Each structure stands twice: as C-alpha cells, then as structure tokens.
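Comments concern the structure below.
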Amino acid sequence: MKKNLIALFGGLLFAGALISCGGGAGETKSKAMTADLANGEAVYNKSCIACHMTGVAGAAALTDKARWEENAAKGMSVLLEDAMKGYTGKYGVMPEKGTCTDCTEQDMYDAISFMLDKAGVEAAE
Ligand code: HEC
C-alpha cells in the first residue's frame, strides 16, 4: 500500500513536470502566444484589409509606419484587447474583432502581428 502511494506520488510529480513544461496551453495572454504570420495574412486579407490597407475611416494603413509605431507603443496585449473588444480612438472606430466575428484571439494576434511586420514595426508585449 505504502509502495503504491509512493509510486502514485512520483507519478503525479512527473505529470506535474510535464504540464509545467508544456508552455501554458490554454493561456490567453499575448505573452504566451506566437504569431503565425501566414494565418495573420489570411485574416488580414479577409477582414482587416478593407480599412487597414489604405487607411479607410481613420485606420492605420499597412504602410503607415508612424501610426503603427504609435500603436506598438501601447504594447501587444493592449492592441490585442482593443482589437478583440473594439476600440474608439482619436482617428476613428475600430470595430470589435475588426468585423471578423468568427476570429479567435489567436487569429487577431496573428493579424496584428502581420500588420506590424508589414509596417516594419515591433511591438512590446
Ligand atoms: C471598419 C474599418 C476597420 C476594420 C475592418 C478593421 N479595423 Fe482595425 N482599426 C480601425 C480604425 C479606424 C482604427 C483606429 C482607431 C483609433 O486609433 O482612433 C483601428 C485600429 C486598430 C488597431 C490599434 C488599436 C489600438 O489600441 O490603437 C489594431 C491593433 C487593429 N485596428 C487591428 C485590426 C485587425 C486585426 C483587423 C482585422 C481582423 C482590423 N483592425 C479591421 C478600423 C478598422
């Protein structure tokens, strides 16, 4: 019996170590996210391009480095939250999820990363 308990405890420790090395599956903070730029481009082409290509309705155009630098200064987690929930700033209205209602948080993260990348800007977390 005692032996079994020890084995069980050892097993739990081992499982715990595996989970903690797993890289935070289910974590929703941008810190734990890695950008998939190809997916970001697909999402951008589907939903963001309408406003963000040339800067329609006050959106930052893809080539407008200064505007993306201004955005990037807020940090990626703020940009992600604003894109998910929608955001009204001094330039205009960014609709919730950029009108991509079936997009996930990861899709938004990828699309934002793609636009920052195209503008040649890097955002802090
Ligand atoms: C209907 C037009 C429109 C569409 C479509 C759109 N955006 Fe926007 N977006 C805006 C406008 C306008 C702003 C600028 C708001 C401001 O700063 O005043 C903005 C700002 C942003 C910002 C900066 C937010 C901040 O905190 O300053 C991000 C990030 C963003 N958009 C991401 C996206 C993504 C990703 C998509 C596609 C999934 C998308 N947008 C689609 C209009 C749009």
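Bear in mind these aren't lab numbers, they're just calculated from the coordinates by the rules spelled out. All values reported here derive from a predicted model rather than from experimental measurement. Neighbour counts run over all protein chains shown; Cβ positions are idealised from the backbone, glycine included.
Here are the numbers for this structure:
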read-out: Candidate set: region 104-125, residues that are assigned to a helix (DSSP H, G or I) and among the hydrophobic types (A, V, I, L, M, F, W, C); chosen: the one surrounded by the fewest Cβ atoms within 10 Å (Cβ to Cβ); value: ALA119
read-out: Residues being free of Cβ contacts under 8 Å to residues at least 12 places away in the same chain and more than 8 Å from the ligand (Cβ to nearest atom) - total across region 82-96; value: 2
read-out: Extreme residue, farthest from LEU116 (Cα to Cα), among residues of region 53-65 that are more than 8 Å from the ligand (Cβ to nearest atom) and surrounded by 15 or more Cβ atoms within 10 Å (Cβ to Cβ); value: GLY55
read-out: Qualifying residues in region 66-81 (those that are buried (at least 16 other Cβ atoms within 10 Å of the Cβ) and more than 10 Å from the ligand (Cβ to nearest atom)) - the one nearest to MET33 (Cα to Cα); value: SER77
read-out: Total residues in region 97-109, condition of a type in the set (Val, Ile, Thr) and in contact (Cβ under 8 Å) with a residue 40 or more places away in the chain; value: 1
